[in-house]
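Enquirer: Take this structure first; my questions come after.
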Amino acid sequence: QVQLVESGGGSVQTGGSLRLSCTSSDNYFEMYAMGWYRQAPGKRREYVAQVSSEGTTEYVDSVKGRFTVSRDDAKKTVFLQMNNLILEDTAVYYCNRPQSPVQWGQGTQVTVSP
């Protein structure tokens, strides 16, 4: 069973930056697109960004220009560089495979304060 472990969250002030990591146990990691998702308090989990197996990236409008998703297939890891953070980015962040999701990891908490 594939396991996903997210890390890198923390507490920052508005305008700050964080870099999230998600390491997978999937032996076929390089074959799959990987996505980032987030769940804010009292809200449903939402899609944020993804990187295809070829390296093509996609973002929701609210994070375009601020977030960058990337991957290191040798390390079976996907990253989310988050810059210019705003209050609305506060959430638990998760990674998963957009087209064929596996069991969700525990996520990593990102808290943005004024």
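Enquirer: What does the accessible area per residue of the chain come to in Å², with a 1.4 Å probe and no ligands, DNA or RNA counted?
Expert: The answer is 53 Å² per residue.
Enquirer: To continue, here is another question. What accessible surface, in Å², does a 1.4 Å probe find on Thr90, ignoring ligands, DNA and RNA and rounding to the nearest 10?
Expert: 30
Enquirer: In whole Hz and in residue order, list the ³J(HN,Hα) couplings for the stretch 93-105 that follow from phi through the Karplus curve 6.51 cos²θ - 1.76 cosθ + 1.60, θ = phi - 60°; x for Gly and Pro.
Expert: For the stretch 93-105, the Karplus-derived couplings read 9, 10, 10, 5, 8, x, 8, 9, x, 10, 4, 5, x Hz, x marking Gly and Pro.
Enquirer: Springs between alpha-carbon atoms under 10 Å, Gaussian network over the chain: tell me which of Val69, Val12, Val48 tops the mean-square fluctuations.
Expert: Val12
Enquirer: To the nearest Å, what is the center-to-center distance of the stretch 9-35 and the stretch 45-105, using C-alpha atoms only?
Expert: Here the two parts' Cα centres lie 6 Å apart.
Enquirer: Subtract the Cα-Cα distance of Ser25 and Thr111 from 0.36 nm times their separation in residues, and report this length gain in nm to one decimal.
Expert: Length gained between Ser25 and Thr111: 28.3 nm.
Enquirer: What ranking of Ser62, Ser53, Ser11 comes out by heavy-atom accessible area, probe 1.4 Å, highest first?
Expert: Ser11, Ser62, Ser53
Enquirer: If you don't mind, another one. For labels at Gln99 and Glu58 in the simple 7 Å Cα→Cβ model, what's the distance in nm?
Expert: So the label points at Gln99 and Glu58 sit 1.0 nm apart.
Enquirer: Among Arg71, Arg97, Arg45, whose mean-square fluctuation peaks in a Gaussian network model of the chain (Cα, cutoff 10 Å)?
Expert: Arg45
Enquirer: Ordered by residue, what ³J(HN,Hα) values in Hz, to whole numbers, does the stretch 75-90 give under the Karplus form 6.51 cos²θ - 1.76 cosθ + 1.60, where θ = phi - 60° and Gly and Pro are x?
Expert: Per residue, the Karplus-derived 3J(HN,Hα) values read 9, 6, 10, 10, 10, 9, 7, 10, 10, 6, 5, 10, 4, 5, 7, 4 Hz.
Enquirer: So who's got an amide H within less than 5 Å of the one on Thr14, skipping anything under 5 residues away but keeping other chains? H placed 1.01 Å off N, in plane.
Expert: Residues meeting the criterion, in which the H sits 1.01 Å from N, are Ser113.
Enquirer: Let me ask something else about it. Extension gain Val5-Asp73, at 0.36 nm per residue separation less the Cα-Cα distance, in nm?
Expert: Full extension of this stretch gives 23.0 nm more.
Enquirer: Round to a whole number: what % of the accessible area of the chain belongs to carbon and sulfur, probe 1.4 Å?
Expert: About 48 percent, which is the carbon plus sulfur part of the accessible surface.
Enquirer: For Glu88, Glu30, Glu54, what's the largest-to-smallest order of accessible area, 1.4 Å probe?
Expert: Putting Glu88, Glu30, Glu54 in descending order of accessible area: Glu54, Glu88, Glu30.
The values are calculated or read from the model by the stated rules, or taken from the named source; none is laboratory data. These figures come from a predicted structure and were not determined experimentally. Counting neighbours? That spans all protein chains shown, and the Cβs are built from the backbone with ideal geometry, glycine included. We work out accessible area using only protein heavy atoms, side chains counted, and drop any ligands, DNA or RNA first. Shrake-Rupley method; radii C 1.70, N 1.55, O 1.52, S 1.80 Å.
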